[in-house]
Amino acid sequence: LRRGGPASDLAGRHVVVSAGGTREPIDPVRFLGNRSSGRQGYALAATAVARGASVTLVAANVDLPDPAGADVRRVGSARELRAAMLAETTRADAVVMAAAVADFRPETVATAKIKKSGGAPQPIALAENPDVLAELTRERDRTASGQIIVGFAAETDHVLEHGRAKLARKGCDLLVVNQVGEGRAFGTADNQAVVLGADGSATDIPHGPKEDLADRVWDLVRERLVR
Ligand code: CTP
Ligand code: CA
């Protein structure tokens with residue numbers, strides 16, 4: 001599977017990966033969610049284990065077997081994911097935010113199942129979720145921890161332009177930008193991306209298995225980890 005750096009080049013490193021997609025409850029039986037399968041995040045966790053890292057995987061609603069050797073923490077909503085990430089990343093060497101975090105959540109969660117009332121349906125008022133990635137980079141900067149932080153972005157158009165702007169806005173070291181639409185990326189085994197660096201670099205990753213993309217991401221992280 002691997003074609004990245006030497007085996008065990010992440011030995012002694014602690015990395016945290018988020019995976020899957022958050023679900024924002026509407027009532028006890030319904031949620032707002034997205035189509036993220038968690039496969040890219042799971043591939044990142046599995047390849048990091050293979051390269052010797054100690055791996056914590058924060059999984060949001062993923063229906064996949066736990067990657068062997070990773071410490072898995074399950075979460076549901078964006079706010080649960082935020083709490084888990086803030087707790088797990090304090091001593092991490094690297095953090096990869098592969099999870100699709102819902103931008104918005106219902107402002108209020110009905111305590112009982114919402115019923116058809118016979119009249120016009122009620123709109124669902126939304127509140128904005130915290131930006132976990134931006135918060136993690138602010139915390140890293142505040143503590144000068146030297147942690148390497150990687151974000152993911154899925155864009156349908158103006159991929160590089162939107163990617164560069166997002167990288168700057170989030171303050172992360174690397175942003176893995178996927179072009180989506182036309183059946184690409186979500187729920188498929190293969191992936192294709194460009195990885196933008198805060199240092200101005202752009203690394204093309206050809207179409208291939210998500211494990212290969214994961215290994216290339218860890219190569220780029222490894223290069224940036226200072227002793
Ligand atoms: N992200 C996050 N918290 C959020 C939203 C996104 O941590 N509330 C993270 C994602 O995990 C991903 C990166 O930020 O690593 C980019 O997500 P994306 O949805 O592309 O960025 P947004 O800032 O939400 O911008 P957009 O309006 O394009 O959705
Ligand atoms: Ca978003």
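The values are calculated or read from the model by the stated rules, or taken from the named source; none is laboratory data. Since we're looking at a predicted model, the values are computed, not measured. Cβ atoms come from the backbone with ideal geometry, glycine included; neighbour counts cover every protein chain shown. We work out accessible area using only protein heavy atoms, side chains counted, and drop any ligands, DNA or RNA first. Shrake-Rupley method; radii C 1.70, N 1.55, O 1.52, S 1.80 Å.
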The chain: angle of helix 132-143 to the longest principal axis, Cα-based, in degrees nearest 10 = 50
Alpha carbon Rg of the chain, scaled by the compact-globule rule 2.2 N^0.38 Å = 1.04
Shape of region 100-204 from its Cα gyration tensor (a ≥ b ≥ c, root eigenvalues): rounded if a/c is under 1.5, otherwise prolate when a/b > b/c, or oblate?
-> oblate
For F104 and S201 in the same chain, what is the full-extension length gain: residue separation times 0.36 nm, less their Cα-Cα distance, in nm?
-> 31.8 nm
Evaluate E = 1/(1 + (r/R0)^6) for D141 and R30, where r is the Cβ-Cβ distance and R0 equals 30 Å; express this FRET efficiency to the nearest 0.05.
-> 0.20
Cα-only Debye scattering, region 32-163: base-10 log of I(q)/I(0) at q = 0.13, 0.17 Å⁻¹ = -0.66, -1.02
When the accessible area of region 109-155 is split by element with a 1.4 Å probe, what percent falls to carbon and sulfur?
-> 54
For the chain, the longest principal axis of the Cα atoms and the Cα long axis of helix 39-50 enclose an angle in degrees, to the nearest 10, of 30
Place +1 on the Cβ of every Lys and Arg and -1 on the Cβ of every Asp and Glu in region 33-175, take the dipole about the Cα centre, and give the residue among G52, V62, A125 whose Cα lies farthest towards its positive end.
-> A125
Please sort 47-53, 95-101 by packing, taking for each peptide the average over its residues of neighbouring beta carbons within 10 angstrom, highest first.
-> 95-101, 47-53
Once the Cα atoms of helix 210-224 and of the chain are each reduced to a long axis, what angle between those two axes, in degrees from 0 to 90 to the nearest 10, is obtained?
-> 60
Dipole size in debye (nearest 20) for region 2-94 around its Cα centre, Lys and Arg Cβ +1, Asp and Glu Cβ -1?
-> 200
In the chain, what % of DSSP beta bridges are antiparallel (nearest 5)?
-> 40
Difference of contour (0.36 nm per residue) and Cα-Cα distance, L225 to A125 | 31.7 nm
So, with +1 on the Cβ of K and R and -1 on the Cβ of D and E, and no other charges, what is the size of the charge dipole of the chain about its Cα centre, to the nearest 20 debye?
-> 500
Any idea how far the Cα center of region 145-179 sits from the one of region 39-103, in Å?
-> 18
With every protein chain kept in place and a 1.4 Å probe, region 5-111 has an accessible area per residue in Å² of 44
Can you give the charge dipole size of region 109-227 about its Cα centre, rounded to the nearest 20 debye, using +1 on the beta carbon of Lys and Arg and -1 on the beta carbon of Asp and Glu?
-> 620
Which of V217, A99, A87, positive extreme of dipole for the chain (C-beta unit charges) = A87
Out of residues 5 or more away from V58 or on other chains, whose amide H comes under 5 Å of its own, with H placed 1.01 Å from N in the peptide plane?
-> V17, S18, A19, R73
